[in-house]
Amino acid sequence: MSSKVCPGLPASWINAWLAAVGATVLNSRLRLNWTEDGTPQAVLSATEEDPLDLLAESWPRRDAVELMPIARKWPNTENMGRKVGVSAFASRVAATRRDPHAWTLSSTMTDLDVDRHGQVAHAPFDPPVPQGRVLHERLLGIFLRPSAELLARTFDGMGERIGNNGLGFDLSRIGSQSDSGEKWIDPVVETLAFFGLALFPFRGRGTDASEGGQTRSSAVQRGWRRSQTEQGLRFEWPAWNTPLDCAGIDALLDLWQPHKKKTWQQLGVHDAWRTVRYAAKGTADPTRGFGAIRL
């Protein structure tokens, strides 16, 4: 077994955690577990092959990414901007059902939760960004094909950051008030985090839910739970000690119950976190971002 410890992918950083999961999505021969030190780090492994070589070989081509079902334009279907109507979404789903990247639609939107304007809901991991850029355009804006050496630099915590908003939900991209206001991201982490979303579908029940006389969305993305002490939703994610492939991680996420800490050890889970949302500086501040608090 060949393995790579990745100090640049700490489990406490939600984008890094999604990126590590995304590596197993891109290559089913990769296994993922986490160290059990103070701040768990991702460990990517593979049988008899270098995990970074495997990941570099399985990295998608740009033309394949350009043709993903969540693209703004798709042949013989309605265009999909940030505001997506039910008919546009339904036609896109029907046309791309057999596409290997059909999950990009179900992990970012659902037509089982529609607002009064007839527009479908977006997942928390598909937040709004300035200028109405859709998630696919954000991905293409950072996409590159890294070598194993470039992957190693990122995984060692020495990857080059670029001035970009990325996918739009990484809190670490946001500087302090004394900074210039620019946002900086590692494109390798962001791209892998996008593929990590394959394990997090967005679902609705097709009915409105009422709470305290208020109507709220019934749609929830996998891993997101309604908080009893805070407004809105929060995402919770674990670190585990057994090397798991994508299917194994999928199964673990089904079985893991964050609120039942006594059962974690049975699943090999030794640590976990939940999101903390970026606090807007004012009503006109459109910034989105998720930090983390240890459970």
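The values are calculated or read from the model by the stated rules, or taken from the named source; none is laboratory data. Here the structure is a predicted model, which means the values were calculated and not measured. Don't worry about glycine lacking a Cβ; one is built from the backbone with ideal geometry, like all the others, and counts go over all protein chains shown. Accessible surface areas use protein heavy atoms only, side chains included; no ligands, DNA or RNA. Shrake-Rupley method; radii C 1.70, N 1.55, O 1.52, S 1.80 Å.
What do you get for GluC sites (Glu not before Pro) in the range 112-173 restricted to DSSP loop and a cutoff of at most 12 other Cβ within 10 Å of the site's Cβ? Of the GluC sites (Glu not before Pro), the ones in loops of the range 112-173 whose Cβ has at most 12 other Cβ atoms within 10 Å are GLU160. Rounded to the nearest 500, what is the 222 nm mean residue ellipticity of the chain from helices alone, with -39500 (n - 2.57) per DSSP H run of 4+ residues and division by all residues? -7000 deg cm²/dmol, from helical runs alone. The portion of the accessible surface of the chain made up by carbon and sulfur, rounded to a whole percent, is 48 (1.4 Å probe; DNA, RNA and ligands excluded).
Comparing mean-square fluctuations of LEU140, LEU150, LEU255 from a GNM of the chain with C-alpha springs under 10 Å, the top value falls on LEU255.
The distance separating the Cα centre of the range 220-281 from that of the range 63-87 comes to 31 Å.
Ligands, DNA and RNA are left out, and with a 1.4 angstrom probe the accessible area of the chain is 48 Å² per residue. Qualifying trypsin sites (Lys or Arg not before Pro) in the range 44-103, where qualification requires a DSSP coil assignment and no more than 15 other C-beta atoms within 10 Å, comprise ARG61, ARG72, LYS73, LYS83, ARG97, ARG98.
Scalar couplings 3J(HN,Hα) for the range 40-56, obtained by applying the Karplus form with A = 6.51, B = -1.76, C = 1.60 to θ = phi - 60°, are x, 10, 5, 10, 9, 9, 7, 7, 6, 10, 5, x, 6, 5, 4, 5, 4 Hz; x denotes Gly and Pro. Shown in residue order for the range 269-274 are the 3J(HN,Hα) couplings computed by the Karplus curve 6.51 cos²θ - 1.76 cosθ + 1.60 at θ = phi - 60°: 7, 10, 6, 6, 9, 9 Hz (x for Gly and Pro). Given the alternatives [x] 18.9, 55; [y] 22.8, 72; [z] 18.9, 59, Rg and Dmax of the Cα atoms in Å as computed for this entry is given by [z].
Residues whose amide H lies under 5 Å from that of VAL276, counting only those 5 or more places away or on a different chain, are GLY291, ALA292, ILE293; hydrogens are built 1.01 Å from N in the peptide plane. Given their separation in residues at 0.36 nm each and the Cα-Cα distance between them, ARG225 and ASP156 gain 21.6 nm when the chain is fully extended. Straight-distance candidates among the lysines for linking to LYS73, with alpha-carbon spacing under 18 Å and chain neighbours fewer than 8 residues away dropped: LYS83. Rounded to whole numbers, the Karplus 3J(HN,Hα) couplings from phi for the range 71-82 are 4, 4, 10, 9, x, 6, 9, 5, 5, 10, x, 5 Hz, using 6.51 cos²θ - 1.76 cosθ + 1.60 with θ = phi - 60°, and x at Gly and Pro.
For the range 232-272, the list of chymotrypsin sites (Phe, Trp or Tyr not before Pro) that fall in a loop by DSSP and count at most 14 other C-beta atoms within 10 angstrom is empty. The calculated FRET efficiency for the pair ALA247 and ARG145, based on their C-beta separation and a Förster distance of 30 Å, comes to about 0.70.
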